[in-house]
1. Output the direction-averaged projected area (hull surface divided by four) of the convex hull of the alpha-carbon atoms of segment 1-66, in nm².
2. In Å², and per residue, what accessible area does the chain have when probed at 1.4 Å with the other protein chains present?
3. Hand me the trypsin sites (Lys or Arg not before Pro) from segment 16-121 located in a DSSP loop with no more than 13 other Cβ atoms within 10 Å, in residue order please.
4. Kirkwood Rh over Cα pairs of segment 1-113 into Stokes-Einstein at 4 °C, 1.567 mPa s: D in µm²/s?
5. When DSSP assigns beta bridges and you keep just the ones with both residues in the chain, what percent turn out antiparallel, to the nearest 5?
6. Once you treat every alpha carbon in the chain as an equal point and sum by Debye, what is log10 I(q)/I(0) at q = 0.10, 0.16 Å⁻¹?
7. Considering only protein heavy atoms, with the full assembly of protein chains and a 1.4 angstrom probe, order 130, 73 by accessible area, largest first.
8. Pop out the carbon and sulfur fraction of the accessible area of the chain as a percent, whole number, probe 1.4 Å.
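The values are calculated or read from the model by the stated rules, or taken from the named source; none is laboratory data. Keep in mind that this is a model prediction, so the values were computed, not measured. Cβ coordinates were reconstructed from backbone atoms using ideal geometry, including for glycine residues, and neighbour counts include every protein chain displayed. Surface areas here come from the heavy atoms of the whole protein model, side chains and all, with no ligands, DNA or RNA. Shrake-Rupley method; radii C 1.70, N 1.55, O 1.52, S 1.80 Å.
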Amino acid sequence: MTASSEKQTIVVTGGSRGIGRAICIALAGPEATVYFNYASNCQAAAETEESVRAAGGVAVGICADIASETAMTDFFQRVLSETGRIDVLVNNAGMTRDGLLVRMKALDWDAVMNVNLKGAFLCAKIAAKTMIKQHSGRIINISSVVGVTGNSGQANYSASKAGMIGFTKAVAKELASRNITVNAVAPGYIETDMTEALSEKNKDVMLQQIPLGRFGSPQDVTSVVVFLASEAASYITGQVIHVSGGMYM
Ligand code: NAP
């Protein structure tokens, strides 16, 4: 997407752990510098930076709350002051606050919507301004299979991830004429800290729902993200690609 001599700038939200870390490692390299944010886990962020370095790339982790417009404006200002461009934005930061609807606190609803959906909006809005000037860019939103299927006990999370899909399609239409593609990836059950919290009983129930008969790895998700960020995906926009072992067909 950039002239071949120019180094790409890639932004990954929530890059300190799990899927986000794997995306940082996969996208960084001699031709691309990765900037990622995280909520509070400095130790994990340093491990991402070190893993990227060990793989021959450069990643810069910055503590910045995805739900804060001020924090994310400062984050992007630093990225732009250091590199002057944004080629790829991966909206990956996410959280859960599970509970049945009748017991769900409004605070838990707001927290999940603010991080998962408003965070993606804030980052896409800021990054799009630069991508429009460049006349090129890729925005990749990490949604979830439950944004399509729903999941008992996850009304807030499912709504936020369904919202990301509508957001993806609307923004894909807005930005297509500027040579910016916007797509969503909808993972199923991926083995990270987020799913580690589930009980063994719940994990067994989940496994029964996966036709391919195994949980996914962060790398299963990154291979699709790498493809969507590549030149090979330049004619794909407004799509939702499921990476769920067939949980949703
Ligand atoms: P994870 O292991 O829990 O990691 C979450 C990441 O998001 C961490 O880097 C965390 O930073 C960051 N984060 C959380 N709240 C933030 C905030 N307010 N500001 C900035 N960063 C914040 O999650 P994961 O399993 O890798 O999931 C990554 C994405 O994939 C999420 O959007 C999730 O909803 C989605 N997804 C996951 C699965 C799955 O099975 N794992 C399935 C479908 C979709 P800290 O390290 O500082 O806390």
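1. Values: hull surface 16.6 nm².
Result: a mean projected hull area of 4.1 nm².
2. Numbers: 11690 Å² over 249 residues.
Solvent-accessible surface per residue comes out at 47 Å².
3. Values: sites: 17, 21, 53, 78, 85, 97, 103, 105, 118; in loops: 17, 85, 97, 105.
Passing both the DSSP loop test and the Cβ count: 105.
4. Details: Rh = 14.8 Å.
Translational D for this selection: 87 µm²/s.
5. On the way: 1 of 31 bridges.
Close to 5 percent.
6. -0.44, -1.18
7. 73, 130
8. Values: 6220 of 11690 Å².
Heavy-atom surface of the chain belonging to carbon and sulfur, 1.4 Å probe: 53 percent.
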